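Just below is one structure, and these are the notes that go with it.
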Amino acid sequence: MPPRARLLAAAGYLPADVVTNDELAARHGLDTSDAWIAERTGIRQRHFAAPGETASAMGAEAARRALALAGVPGEEVDLVIVATSTPDSAFPATAARIHAAIGATRGFAFDLAAACTGFIYALGVADSLLRTGAARCALVIGTEVYSRILDWTDRSTCVLFGDGAGAVLLRAESPDGPGILSTHLHADGRQADILTVDGGAGSTGGTGVVRMQGREVFRHAVTKLAAVVDEALAANGFTHADVSWLVPHQANLRIIEGMGRKLHLPPERVVVTVDRHANTSAASIPLALAEAWADGRIRPGDLVLMEAIGGGLTWGAAIARM
């Protein structure tokens, strides 16, 4: 039997600049308030990167923390996958910069773009590579500096996002032990324009900022996340009652609470960080996982379900035994 990708550690990094809703409104002259934002999204504050603080710098720090927690040297890592929509540059990959920063000297590194679903996609790719023996020890990182691609005149979108990075360390181990049980990945490019960055390095125009049709994204999120969660549970012979923890993408508290109700999970079994981190896109799940692991909520033997939806449209779920 092929090995199973065991989660050895998870760690996060958040920039020092903490910006409340009222501070955000004052800083950018927005016609909004803490009450308006919190009622619609559950967000109270977010972190913004400092000038010069990049996706690779934040991702490298999260990676170093995960390695330290596991007691694994950087030289042992032979795969680095970085999920990001805000890379340092078109190339080299942000993953290559992190590969160097952690002291890795072998293996391979690459970026993956699937917007807010990026971490789930990257986890699925890493799991496959570890199962086939192409790598033995992998870092999967989500790192984002969305504060640099926001339109500060669009109050419906710019209030939703924050910056940060999260990393998990995986190692190929016993096929019967704990680890990733399955990942389930989907996309529908026909919905590409409802959540997009307007322009980019290869574009012939655009402004390079996030554009979102919020109602359409919400509608797709409700149906697609419910379906992929059922798919993941059915693939492993589990029911809702088997889930110990839901660690969802942190986009909107209403969506998070709706998924918790679907799984018949009490609120205390759903990891929520959106109130403090806002939507950190590909970084949101590893940041939430790291927090719940560090404070002792997630324990060995727990069954953890992760899910996300993002631009593409992309969506997916992963299920793991801790």
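The values are calculated or read from the model by the stated rules, or taken from the named source; none is laboratory data. All of these numbers come straight from a predicted model, not from anything done at the bench. Cβ atoms come from the backbone with ideal geometry, glycine included; neighbour counts cover every protein chain shown.
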Selection within the range 258-288 - at pLDDT below 95 and either among the hydrophobic types (A, V, I, L, M, F, W, C) or within 27 Å of PRO15 (Cβ to Cβ) (or both)
MET259, LEU263, LEU265
Count of residues meeting criterion [over 21 Å from the mean Cα position of the chain (by Cα) and small (Gly, Ala, Ser)] in the range 209-242
4
Give just the number: which of (1) in a loop (DSSP other than H, G, I, E, B); (2) without any contact (Cβ under 8 Å) to a residue 60 or more places away in the chain does PHE110 not satisfy?
(1)
Give me the residue from the range 120-135 that is in contact with a helix residue (DSSP H, G or I) (Cβ under 9 Å, 6 or more places away or on another chain) and without any contact (Cβ under 8 Å) to a residue 60 or more places away in the chain and, out of that set, surrounded by the most Cβ atoms within 10 Å (Cβ to Cβ).
ALA135
Where VAL209 falls short, out of the listed (1) in contact with a helix residue (DSSP H, G or I) (Cβ under 8 Å, 6 or more places away or on another chain); (2) in contact (Cβ under 8 Å) with a residue 60 or more places away in the chain; (3) over 18 Å from LEU185 (Cβ atoms):
(1)
State yes or no: is GLY301 over 20 Å from SER182 (Cβ atoms), not assigned by TED's automatic domain parsing to the domain that holds ASN21 and not aromatic (Phe, Trp, Tyr)?
no
Collect the residues in the range 90-112 that are within 24 Å of ASP193 (Cα to Cα) and touching a helix residue (DSSP H, G or I) at 6+ places or on another chain (Cβ under 9 Å), keeping them in residue-number order.
ASP111, LEU112
Do any helices (runs of 4 or more DSSP H) lying entirely in the range 1-87 carry at least 1 residues that are basic (Lys, Arg) and closer than 17 Å to ALA288 by Cα, and which ones are they?
55-70
When only residues in the range 161-174 that are surrounded by fewer than 22 Cβ atoms within 10 Å (Cβ to Cβ) and at pLDDT 95 or above count, which is farthest from GLY74 (Cα to Cα)?
GLU173
Residue hits (the range 159-208; under 30 Å from ASN21 (Cβ atoms), hydroxyl-bearing (Ser, Thr, Tyr) and under 18 Å from the mean Cα position of the chain (by Cα)) are THR196
